[in-house]
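Notes to accompany the following structure.
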Amino acid sequence: MIQPSLRYHITNAQTGIRYNQPTMSIKQQKADLSIQQDKAEIMMDVRPGQLSINQTEAFVAMDRKGPLRRADEHAANSLVEFSKNVKKNAQQGDQMMRIENGGGAVAAIAKQNSARPIKQLAIGYIPKSPFDVRIDYSPSELKIDVQINDPVIQYQSHKPRIEIPPWSVEPYIQTMPNIDFEYIGQNVNLNA
């Protein structure tokens, strides 16, 4: 005889977890930046160059003299010529005193006084020397003064906006627990 038996089948519960992980966002507005700088002030001071050319000595070499210089030279030459003439007249006076000795003193004195100096021609350059024309040059001067103005920098920073939505974990039952019983064996008449 087969004994009746009871067979059971158990299904365990299974849980599941749903994760909700939204992304975090960080936003930051650019900083407001302002830079202002006045233009630099530049001051320039120029002293022009000076050129002076003195041609006085070159004009003197061409006998183009001013009245004062000509008067000074004439006075100096007059003193020299006066002393020469005094010496010459003294010598001629001595010759005339010895006229009794003969020798043609009067003719010699006349010949001396009438003879003109022989002029000689020569090629000359004017100015005779390169140093007769004096050139003086003082260069120009340039002074530059620059006044730099410092820049004015203003900035306004903005804090970052950080959004972190909450994460969530949601557990759920994936498989419900269950117990099944099955009777194996003879049928039992429960009415009897």
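The values are calculated or read from the model by the stated rules, or taken from the named source; none is laboratory data. No experiment lies behind these values; they were computed from the predicted model shown. Glycine gets a Cβ as well: all are built from the backbone with ideal geometry, and neighbour counts include every protein chain shown.
Below are the figures for this structure:
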{"item": "Residue check, residue 133 surrounded by 10 or more Cβ atoms within 10 Å (Cβ to Cβ), aliphatic (A, V, I, L, M), touching a residue at least 24 places away in the same chain (Cβ under 8 Å) and touching a helix residue (DSSP H, G or I) at 6+ places or on another chain (Cβ under 9 Å)", "result": "yes"}
{"item": "Within segment 157-185, tally of residues that are more than 27 Å from residue 18 (Cα to Cα), more than 60 Å from the chain's Cα centre (by Cα) and not acidic (Asp, Glu)", "result": "4"}
{"item": "Residue list for segment 99-125, filter: on the phi < 0 side of the Ramachandran plot and surrounded by 11 or more Cβ atoms within 10 Å (Cβ to Cβ)", "result": "99, 105, 106, 108, 109, 110, 112"}
{"item": "When residues of segment 143-182 are limited to those that are among the aliphatic types (A, V, I, L, M) and surrounded by 10 or more Cβ atoms within 10 Å (Cβ to Cβ), the one farthest from residue 29 (Cα to Cα)", "result": "173"}
{"item": "Qualifying positions in segment 66-91 - within 30 Å of residue 114 (Cα to Cα) and of a type in the set (D, E, K, R)", "result": "70, 72, 73, 81, 84, 87, 88"}
{"item": "Unique residue being out of contact with any Cys (no Cβ under 8 Å at 6 or more places or on another chain) and at pLDDT 85 or above when the list is 140, 114, 129", "result": "140"}
{"item": "Residue match in segment 138-150 (condition: in contact with an Asp or Glu (Cβ under 6 Å, 6 or more places away or on another chain), outside any loop (DSSP other than H, G, I, E, B) and touching a residue at least 12 places away in the same chain (Cβ under 8 Å))", "result": "yes"}
{"item": "Residue match in segment 4-11 (condition: surrounded by 10 or more Cβ atoms within 10 Å (Cβ to Cβ) and closer than 30 Å to residue 162 by Cβ)", "result": "no"}
{"item": "Matching residues in segment 21-79 - criterion: being within 30 Å of residue 166 (Cα to Cα) and of a type in the set (Ser, Thr, Tyr)", "result": "23, 25"}
{"item": "Residue check for residue 35: part of a strand (DSSP E or B) and in the same structural domain as residue 138 (by TED's automatic domain parsing)", "result": "no"}
{"item": "Segment 113-155, residues that are under 16 Å from residue 41 (Cα atoms) and small (Gly, Ala, Ser)", "result": "none"}
